[in-house]
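Each reported figure results from applying straightforward, stated rules to the coordinates on display, with no laboratory input. Since the structure is predicted, the reported quantities are computational estimates derived from the model, not experimental observations. Note: ideal-geometry Cβ built from the backbone for every residue, glycine included; neighbour counts use all protein chains shown.
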Amino acid sequence: MIHRLTRGLIPSKPHSVFEMDGKLTYEHCFTRGGFESIYTILWHREPPHWVETEEDLGFHPGWAEAEASAPLRRSHYLSAQQADGSSPFLARRLLFANADLGVWLGRPTESEPTLVANADGDELTFVHEGSGRIECQLGVVPFTAQDYVYVPQGLPHRWVLDGTAILLMIEGRTPVRVPKQYRAPEGQLSMYAPFTHHDFIEPEWPDGGPETLDAPRRLVVQSGGRLTAVEMAHDPFDVVGWDGQSWPFAFPIKAFQPRTASIHLPPTIHTNFAGPGYVVCSFVPRVVDFADDAIPCPYPHSSPDCDEILFYVEGNFTSRKGIGPASITLHPRGLPHGPHPGTYEASIGTERTDELAVMIDTFKPLLPTEHARAIEEAGYNRSWVG
C-alpha cells in the first residue's frame, strides 16, 4: 500500500524453483483486486493452503444489521457504556455500517488466542488506549496508544496486548488506501503529502523469521459477518521470506502534518486515509487560522452527500460541548450541523487548538446498529437549541 518491501530470503525471480535447506519452498501469492492491484509474495516451507478441519461458528458476536428505518438525528454515543472483555477480534461490536464501511468498537482485555482474518475488508484500527503488537506471516508490527494499525483484508494475524485497550476499528469493505492526491504518478508520496514514507511503521522481521513466534494453528475467518474456524496442517508462519506492497503497518496519528491558512480551510485538508466511498481524517494539535478577522471554529454546513462520524481522543474540541475522550458523534446527511451554540463566536482570536480526533465521512448513509443505540445519549440532538 505504501511502498514495496522485502524481508527474509527470496528467489531472484518469482514463480521459479527456490529451495531452503535442500527442500523446495512453496510460493504463496497474496493479491488484491484479483490479480490487477498490489500484491505480496510469500515463500513457505510447507504448503500454506492445507487445513485439517473446519467448524462453523455462526455470526460474529458483535455483528448486527444497520437500522435502515431509523429517523435522522444527530447522535452522541458513550463508548464507556460498552462492555469490555475478551480479545480484540471477539470484543468488538459493529456500531455503524454501509456497503463501503463498517465501524466497530472494542474494549478488549486479553490477547488473541487464535489467528484471525477478516475477509470482509481491510482493517484500519485506531488505538485509543493500549499497546502491544500485531503478529503475522510478514513479521511483527508494534503499536502504542494513538496509532492507526492497518491489516490487509484476509491476512491471518493476531493481536498481542500489553494490557487492556480501547480500539476503534474501521472495516474498509472497499480498500483502505493513501489518498491518490498525495502520490506522484510513479507512486512515491509527494512532497505535498501531509506525511512521509518514514512515518509508517513497517513489519519487523524476527530473528529466525516469523516461525519463531509460535503461531497458533487455529485460524478464525470472518466472511459476511459469519465466522469459520479451521485447523492448519502446518505452521502458517513458516515463511522464509516475502516481497511486495501489501503489508500491515502502524501510523502514529500525530505524524500527520496539519495544514493551516489565513482563513478556515475545509475538513478535506485533514484526510489521512481514503477508500471508494469514504475518507478517514485526523484532527491533530495545530495553529489555527491567522487572519485578523478569521473565525477558527468550523462553520455550520449542510453536506447532503455525506454522513460524518467523529471519534474524540483528547483535548478541547473547538466546536462541541459535553464531549469526552472516546465519545463518538454521528451527523447524518440531510440535517445541517456545525458548532454548538456559543462556540463559533468564542473561537475568534484563538491561536491554537489542542484537539485530537478521528473523523470518518462516507458518501452512502452510515446507519447505526442496535449496538450503537444501546450506548446512545438521549437528547443530544436538542443540544443545539440556544
Order by protection proxy (mean Cβ within 10 Å, highest first), peptides 189-196, 111-118: 111-118, 189-196
Which of the listed residues, GLN245, VAL103, THR350, is farthest toward the dipole's positive end in the chain, when Lys, Arg count +1 and Asp, Glu count -1 at the beta-carbon? THR350
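Using the per-residue mean of other Cβ atoms lying within 10 Å as a proxy for protection, in what order, highest first, do the peptides 146-155, 95-104 fall? Each step should come with its number before you reach the end.
Numbers: 146-155: 22.3, 95-104: 23.8.
Listed from highest to lowest mean packing, they are 95-104, 146-155.
Let me spell out the model: positive unit charges on the Cβ of Lys and Arg, negative unit charges on the Cβ of Asp and Glu, origin at the Cα centre of the range 1-45. What dipole size does that give, in debye rounded to 20? Don't skip to the answer; put the middle values down first.
Numbers: 6 positive and 4 negative charges, 25 e Å.
Dipole about the Cα centre, nearest 20: 120 debye.
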Here are a few candidate values for semi-axes √(5λ) of the Cα gyration tensor in Å: (1) 132, 36, 17; (2) 50, 25, 18; (3) 39, 24, 17. Which one was actually calculated from the structure I just gave you? (3)
Per the charge dipole of the chain (beta-carbon charges, Lys/Arg positive, Asp/Glu negative, Cα centre), the residue among LEU57, GLN82, PRO304 reaching farthest to the positive end is PRO304
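For the range 108-189, rounded, prolate or oblate, judged on the Cα gyration tensor with a ≥ b ≥ c (square roots of eigenvalues), a/c < 1.5 rounded, else prolate if a/b > b/c?
Numbers: a/c = 2.00, a/b = 1.64, b/c = 1.22.
Because a/c hits 1.5 or more and a/b exceeds b/c, the range 108-189 counts as prolate.
About its Cα centre, how strong a charge dipole does the chain have in debye, to the nearest 20, once Lys and Arg get +1 and Asp and Glu get -1 at the Cβ? Each step should come with its number before you reach the end.
Working: 30 positive and 49 negative charges, 193 e Å.
Dipole about the Cα centre, nearest 20: 920 debye.
Report the net charge of residues surrounding TRP159, where surrounding means a beta-carbon distance below 14 angstrom and charges are Lys +1, Arg +1, Asp -1, Glu -1. Walk me through the numbers on the way to the answer.
Details: positive: ARG92, ARG107, ARG133, ARG158; negative: GLU110, GLU112, GLU123, GLU129, GLU135, ASP147, ASP162.
Residues close to TRP159 contribute a combined charge of -3.
Explain nothing, just the number: dipole magnitude of the range 126-233 about its Cα centre with +1 on each Lys and Arg Cβ and -1 on each Asp and Glu Cβ, in debye rounded to the nearest 20. Mind dumping the intermediate values first?
Numbers: 9 positive and 13 negative charges, 119 e Å.
Value, rounded to 20: 580 debye.
Counting other Cβ atoms within 10 Å, which GluC sites (Glu not before Pro) in the range 17-80 have at most 10 and lie in a DSSP loop? Please list the in-between numbers first.
Values: sites: GLU19, GLU27, GLU36, GLU52, GLU54, GLU55, GLU65, GLU67; in loops: GLU36, GLU65, GLU67.
Counting only loop positions with at most 10 other Cβ atoms within 10 Å, the GluC sites (Glu not before Pro) in the range 17-80 are GLU36.
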Return a whole-number percent for the relative contact order of the chain, with Cα pairs under 8 Å and 6 or more residues apart as the contact set. 22
